[in-house]
């Protein structure tokens with residue numbers, strides 16, 4: 001097993017994520033597929049455009065490399081329920097997902113905000 005993966009190798013993976021990511025969804029349950037993220041569990045979304053979900057450069061993270069999302073202030077809530085997860089997709093694949101720091105009730109027709117957060121690929 002490798003003791004460490006080079007930054008350039010990790011950066012290539014993060015670069016792929018950075019260029020493909022387009023949508024940020026807020027979800028009621030943890031999605032494991034594109035359909036779950038974009039439909040089944042989705043209670044809201046924001047289309048940032050391809051390449052705009054992660055506006056800053058790839059950077060050093062805690063024990064790895066990271067990308068940071070754009071903050072969202074005007075996401076569209078499309079369902080009523082409690083959101084507990086986020087998901088990032090392109091037009092056909094779930095690219096990344098995780099838990100929100102706190103769950104929150106949302107109501108269809110409102111907007112949501114989501115502060116910027118990091119996605120890190122850690123060294124081995």
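State the number of residues belonging to the range 37-71 that are within 16 Å of residue 119 (Cα to Cα) and outside any loop (DSSP other than H, G, I, E, B).
Of all residues in the range 37-71, those within 16 Å of residue 119 (Cα to Cα) come to 51-71.
Right, trim to outside any loop (DSSP other than H, G, I, E, B) and you get 59-61, 64-68.
Selection size over the range 37-71: 8.
Would you please name the residue that is surrounded by the fewest Cβ atoms within 10 Å (Cβ to Cβ), looking only at residues in the range 11-31 that are under 27 Å from residue 108 (Cβ atoms) and more than 13 Å from the chain's Cα centre (by Cα)? Walk me through how you get there before you give the answer.
Step one: filter the range 11-31 for residues under 27 Å from residue 108 (Cβ atoms), giving 21-31.
From what's left, more than 13 Å from the chain's Cα centre (by Cα): 28-29.
Numbers: 28: 18, 29: 13.
Per the stated criteria, the residue is 29.
So residue 96 passes all but one of these: (1) crowded, with 18+ Cβ neighbours inside 10 Å; (2) touching a residue at least 60 places away in the same chain (Cβ under 8 Å); (3) part of a strand (DSSP E or B). Which condition number does it fail?
Of everything listed in (1) crowded, with 18+ Cβ neighbours inside 10 Å; (2) touching a residue at least 60 places away in the same chain (Cβ under 8 Å); (3) part of a strand (DSSP E or B), residue 96 misses just condition (1).
Which of the numbered conditions does residue 4 fail, given that it passes all the others? Conditions: (1) surrounded by 13 or more Cβ atoms within 10 Å (Cβ to Cβ); (2) assigned to a loop (DSSP other than H, G, I, E, B); (3) out of contact with any helix residue (DSSP H, G or I) (no Cβ under 7 Å at 6 or more places or on another chain).
The number of the failed condition is (1).
Would you check if residue 95 is touching a strand residue (DSSP E or B) at 6+ places or on another chain (Cβ under 9 Å) and under 25 Å from residue 6 (Cβ atoms)? Give the steps one after another, and end with the answer.
Numbers: touching a strand residue (DSSP E or B) at 6+ places or on another chain (Cβ under 9 Å): yes; under 25 Å from residue 6 (Cβ atoms): yes.
Yes, satisfied.
Could you give every pair whose Cβ atoms fall below 7 Å, whose first residue belongs to the range 37-60 and is free of Cβ contacts under 8 Å to residues at least 12 places away in the same chain and at negative phi, and whose second residue is surrounded by fewer than 21 Cβ atoms within 10 Å (Cβ to Cβ) and in a strand (DSSP E or B), counting only separations of at least 6 or pairs across chains?
59/66
Which one is farthest from residue 3 (Cα to Cα) among residues in the range 57-71 that are exposed (fewer than 13 other Cβ atoms within 10 Å of the Cβ) and modelled with pLDDT of 95 or more? It would help to see each step written out before you state the result.
Taking the range 57-71 and keeping what is exposed (fewer than 13 other Cβ atoms within 10 Å of the Cβ), we get 57, 60, 62-63, 71.
Pick out the ones that are also modelled with pLDDT of 95 or more and you get 57, 60, 71.
On the way: 57: 25, 60: 18, 71: 34 Å.
Per the stated criteria, the residue is 71.
I'm trying to understand the selection: among the residues of the range 82-92, which are free of Cβ contacts under 8 Å to residues at least 60 places away in the same chain and either loosely packed, with under 11 Cβ neighbours inside 10 Å or not in a strand (DSSP E or B) (or both)? Explain how you work it out, then say what you get.
The first filter runs over the range 82-92 and keeps only residues free of Cβ contacts under 8 Å to residues at least 60 places away in the same chain, leaving 82-85, 92.
Of everything in the range 82-92, just one residue is free of Cβ contacts under 8 Å to residues at least 60 places away in the same chain and either loosely packed, with under 11 Cβ neighbours inside 10 Å or not in a strand (DSSP E or B) (or both), namely 92.
The values are calculated or read from the model by the stated rules, or taken from the named source; none is laboratory data. Not measured: the values here are computed from a predicted model. Cβ atoms come from the backbone with ideal geometry, glycine included; neighbour counts cover every protein chain shown.
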